[in-house]
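Quick notes on the structure that follows.
The values are calculated or read from the model by the stated rules, or taken from the named source; none is laboratory data. Note that this is a predicted model, so its numbers are computed, not measured. Heads up, the Cβs are rebuilt from the backbone with ideal geometry, glycines too, and the neighbour counts pull from every protein chain shown. Keep in mind that these areas ignore ligands, DNA and RNA; they rest on the heavy atoms of the full protein, side chains included. Shrake-Rupley method; radii C 1.70, N 1.55, O 1.52, S 1.80 Å.
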Amino acid sequence: MDFVTSSCNSSVRLMLAADIPPASFVTVDQALLTPHLLTAGDVAASSSVVLSPDSQYTFYTDGSLINSGTSDVSMGWGWVQIVKDSGFLNSIATYKQGIIHDWPSSSCAEAAAIYAALSASPVNSVVHIYTDSQSSIEGLKHCLLSDYSDSRLYYKTTNFELWAIIQQLIVDKQLSVLPFKVKAHSNFYWNDFADSLANTAHTSDDAILISRLDLATVHDYIMSYDDIVCESNPRHLFKQYHQMLYMKDLLALSRFRFISLLTDPSQYVVDWALTWHTLMFQPKFDNSFTKENVSRHHTLKFQLFLENLPTLETLKRTRPDLYEEILTCHSCEDHLEDFMHLFLCKKRCVKLHQILTSYLHHLIQKIKEAGDNANCDYSSSINRVISLPCWTFLSNNWSSYSLVRGCLPTAFLEVFESLGIPRLSAMNVVAAIHNNFVNKFHKRIWNPRSYDKGL
């Protein structure tokens, strides 16, 4: 990545456009921000507070995240100002609620509520912030210590740009902020009131939209992608970005074209997180299973996944000096032995069906155990797994082809999660079952195929 240096005044920050490749820098002048962007001053103007003669202000803040992982994701925030012994009903002087966009998380919503409360606070005030979010407490402590000026901590912090803005806001308004932890969902009225404000902000007509915040000048550069400020750890962000590019290139290979043929999402959708977990999963073996066996097992999993088994047709191309063109499948002696024929060979179809049936029985057994432990009905989960079209291998059944390749469906995880099994535990169970399938494939289908090279 090429870096460009430029001199600029204190009102200018350089914005790093993360559209990789190539990298480029775009200068952003805070004085020229478009009118629709909401700054701290705009939030304050929309959120008047009851003035205190002693400059002491008390706020309860809360955030809300709904529909996470969907296109309807939304973050709401709310704060309530408390003034005791002043004649206000339940000591609630005033309150505000709103929403914030980009990088959705519960911690971002919580931080936005604190930002809104501090924006509404007069200068030279002592502000008491009560929140049920421990991450917000830690974030405010870092702000008070100006820790976000340290780039190493800054970029490791979740929502680091938002916290840098809060730190700058505290400095500019000369605020003394005292954070206090409140126990969540403890029937504490003021905290529950702030919680209800955050929860109703998603659909409220009076909600304040924080669409873009003041650009803090803690560091010289900010990262943006498609005009959205990046608030994810840069190392993780770049790693995920390049993994996405690698994944895109992988799926563009002809050997993964079958993924596009899985046309019915209700029947079979590949869960790539489960697939990668299963590929890297190291099963436990007894003492008779040597390191060489483990290595061979691991290699076979990836050869299946990448459609890279050394079948006769592959060997004819790579070593034509050793393998004659006339060689055919040693089991049926009727067809050329390519990857697909390993599973369609009429001499192996019974064994393959038995292995797939064993796979299904193992899943059902584990579902029953999970259901018994959770003391709930597991019949619908079993019926869902049985109804999957992957248990019969046919030339036009791409779901079964996907299964033997190791591209596993989301349904395998969902049936366990519906019974209260944690996701990682469910992934380990499915990975162990699939490894058992690979082991049986190795012993009953792959190993028996042999050919006398002396013919």
### Message
Computing the accessible area with a 1.4 Å probe over protein heavy atoms, can you report the carbon and sulfur percentage for the stretch 254-450?
### Response
52 percent
#### Entry: With every protein chain in place, the stretch 40-221: carbon and sulfur % of accessible area (1.4 Å)
50 percent
### Query
Can you list the trypsin sites (Lys or Arg not before Pro) in the stretch 233-340 that are in a DSSP coil and have 12 or fewer other beta carbons within 10 angstrom?
284
### Message
Loop only by DSSP, 13 or fewer other Cβ within 10 Å of the Cβ. Give me the GluC sites (Glu not before Pro) in the stretch 317-352 that pass, ordered by residue number.
### Response
324, 325, 333
### Query
Per 5 Å bin, what percent of the C-alpha pairs of the stretch 40-221 does each bin hold, from zero upward?
1, 9, 18, 22, 22, 16, 8, 3, 1, 0
### Query
Can you pick out the pairs among 239/301; 284/366; 284/368; 346/443 whose Cα atoms lie more than 20 Å from each other?
239/301; 284/368
### Task
For the stretch 40-221, please report how many Lys pairs fall under 19 Å Cα to Cα, leaving out neighbours fewer than 8 apart on the same chain.
5
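Ranked from highest to lowest mean number of other Cβ atoms within 10 Å per residue, what is the order of the peptides 342-349, 425-432?
Going by the mean number of other Cβ atoms within 10 Å, highest first, we get 425-432, 342-349.
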### Query
Where a ≥ b ≥ c are the square roots of the eigenvalues of the C-alpha gyration tensor, would you call the stretch 254-450 rounded, which needs a/c under 1.5, or, failing that, prolate if a/b is larger than b/c, or oblate?
prolate
### Message
How much accessible area per residue does the stretch 254-450 have, counting only protein heavy atoms and a probe of 1.4 Å, in square angstrom?
### Response
52 Å²
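Could you tell me which of rounded, prolate or oblate describes the stretch 308-411, using a ≥ b ≥ c as the square roots of the eigenvalues of the alpha-carbon gyration tensor, with rounded for a/c under 1.5 and, failing that, prolate when a/b is larger than b/c and oblate otherwise? Show your work: numbers first, answer last.
Values: a/c = 3.47, a/b = 3.02, b/c = 1.15.
It comes out prolate by the Cα gyration axes.
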### Query
Please identify the chymotrypsin sites (Phe, Trp or Tyr not before Pro) of the stretch 46-131 that satisfy two criteria: DSSP loop assignment and at most 16 other Cβ atoms within 10 Å. Which are they?
88
